[in-house]
1. Suppose the filter is crowded, with 17+ Cβ neighbours inside 10 Å, touching a strand residue (DSSP E or B) at 6+ places or on another chain (Cβ under 7 Å), touching a residue at least 60 places away in the same chain (Cβ under 8 Å) and part of a strand (DSSP E or B); does residue 759 pass it?
2. Just one of the numbered conditions (1) assigned by TED's automatic domain parsing to the domain that holds residue 350; (2) under 21 Å from residue 222 (Cα atoms) is not true of residue 290; which one?
3. Quick check: is even one residue across region 363-371 under 26 Å from residue 275 (Cβ atoms) and in a strand (DSSP E or B)?
4. Would you point out the residue of region 504-541, among those that are assigned to a helix (DSSP H, G or I) and surrounded by fewer than 17 Cβ atoms within 10 Å (Cβ to Cβ), that is modelled with the lowest pLDDT?
5. Residues that are modelled with pLDDT under 80 and touching a helix residue (DSSP H, G or I) at 6+ places or on another chain (Cβ under 6 Å): list the strands (runs of 3 or more DSSP E) wholly contained in region 1-105 that include at least 2 such residues.
6. Could you list, in sequence order, all residues of region 260-270 that are surrounded by fewer than 20 Cβ atoms within 10 Å (Cβ to Cβ) and closer than 12 Å to residue 210 by Cβ?
7. Name the residue that is farthest from the chain's Cα centre (by Cα), counting only residues in region 543-567 that are closer than 17 Å to residue 604 by Cβ and not in a loop (DSSP other than H, G, I, E, B).
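The values are calculated or read from the model by the stated rules, or taken from the named source; none is laboratory data. Note that the structure is a prediction, hence the values are computed from the model and not measured. Using ideal geometry, Cβ is built from the backbone for each residue, glycine included, and neighbour counts are taken over all protein chains shown.
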């Protein structure tokens, strides 16, 4: 668009005076014809394009056959080619089955579903711009995105955990809390900024015939709707779905809230749509399906005349009644023989339309027929915000086809992935919460088992995280400052944070180091970032400086550690003469009183003991001990704050304790974790850990070419596991014997505690 001379002169004056440009110049300079635009504090058009490598932490694939079981004729779906299948004979080792599956039926090639832990902004950017994008496009692209972002502070990361007959709430960890604060702590502006950038990335990832569903509540719905209009264009709006999630109740001073809202948009004007149907309600059935056959089948009568029918009809006489009919005479005879014709008092034939043959009513935008989850439902996993599978089933069936990729970047308890797997869709899901990843892992293993029992196909899935992390300003930097001042403030905030941690740890600050911040009792101390997990890269830099400066004893303090980091990294450090201790920072460091009273305890990562059993050419593993050192509140604090007649469950020094105060004020304490096994929620074994190298695909920043690099780690291939469910709280502590050729093996044992934290131990075992 051309500017007039006057407009050019005005522009020059404004720029020279360092003044902001009037809105009209946005339209003139950038040919932006929008008359309405959503504006929020700090809005920019910048969307991250960072590309980080995905690391495979674990591969999970329930064996389709027991070890040594003969292959049978099996119909296997091609995970790499849409809609293809092949029936392969037992001896066809070079055939289709031999390419996709090993001798136990575990998947060797083809698409593997992806469960990703981390910040979904970085995940989305890396999916969009990185090597996995090629893999996605080969599968036809992402056809459906469903997201259920957090509506408000504290809504998602708290979990109900069962210990015996008791239930207590696991509080969010510091990283999760910071993510919420960044989302909601600055009001609606911060939420819009968060969701806008992610929606732009999702839009760019979607296939042209793809759709997005955004689930929200009545409070945030107006913001979501406007943001979707901004990102996808209001012309791509398809429906606003009202889901009645609860029965009627009263809210003080207003009408009772009983519904959620789901906004449905397509990427283009050509989108996948498979008409869903809803069951008829009772009143409709009673009004229209008024007739019943002797066998109990309900039906309604339908017109067989062709009056008003486009395309004409068939002119003949039937049982003395001549008119234009909808069907030919042969069809009428067949209907008569099948007892599907009803005659009125005037002997006019009408067709019987049976209720059990009807698909139902085409689904409308008000969904009253899907019940929300209750505590007694088998699907319930402990998430307050968990959605019923029936809700996701309707959405996935309507807006995707079999073998399509379905995604959810706020996956919570994994409902989207579970339903997608059952409906033969491929899937990618992610979450920031480690417990969410763990919960989803267990749920998907159960889905694999149920599909196996039903003789149906399923895909392997990978648990991934990002190999390194971008620094994000979660620690309260004023974004309205100039870049230089903002950087100074960030540096000061980080210094204050490190000083706080060192004080709580009772360590002395040190300088002149690249990685180290303090020292204590002959050990140097490194403090991890406030907003991100400690990664392998972070630890490798520490090891490098240790070797340069001949440091042999190190403590690393962190709120969270990257999945799969230990014990490998500690073994590597030990081989280089470095004693590396990894310790969790408790949330109490932010409690000034607790710091001043020396009540803050930094706990070590968990401790595992296992016993191998060798018999001929097979190995079994027995879990013999597991220790944790967590604290979440103290017994004394709980006792002081409790009201008479109430109780509270706390975690103190590796024990879960129920504190009760009776009506007379007498306090009693009951240890709920009576045995070490009470801490374990899940454990699994890889009987040949160094069998599969971890290869990451990275893009060369100069050439743009994709390179494959070995990280130095190995992928944990889940070959056996035992875990607790809501229905079955039992736990097997010894694996069955696993056949393997004679040789020396490194066996990896992974234990996940009831908080979702994972610990791994590697042992060497000789067979034969």
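1. For residue 759, the condition - crowded, with 17+ Cβ neighbours inside 10 Å, touching a strand residue (DSSP E or B) at 6+ places or on another chain (Cβ under 7 Å), touching a residue at least 60 places away in the same chain (Cβ under 8 Å) and part of a strand (DSSP E or B) - is met.
2. (2)
3. Taking every residue of region 363-371 in turn, at least one turns out to be under 26 Å from residue 275 (Cβ atoms) and in a strand (DSSP E or B).
4. If we take residues in region 504-541 being assigned to a helix (DSSP H, G or I) and surrounded by fewer than 17 Cβ atoms within 10 Å (Cβ to Cβ), then 537 is modelled with the lowest pLDDT.
5. 85-88
6. Passing the criteria: 268, 270.
7. 553
Each row is one residue, and each column tells you yes or no for (1) modelled with pLDDT under 90; (2) under 25 Å from the mean Cα position of the chain (by Cα); (3) closer than 30 Å to residue 143 by Cβ.
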position: 269; (1), (2), (3): no, no, yes
position: 295; (1), (2), (3): no, no, no
position: 305; (1), (2), (3): yes, no, no
position: 312; (1), (2), (3): yes, no, no
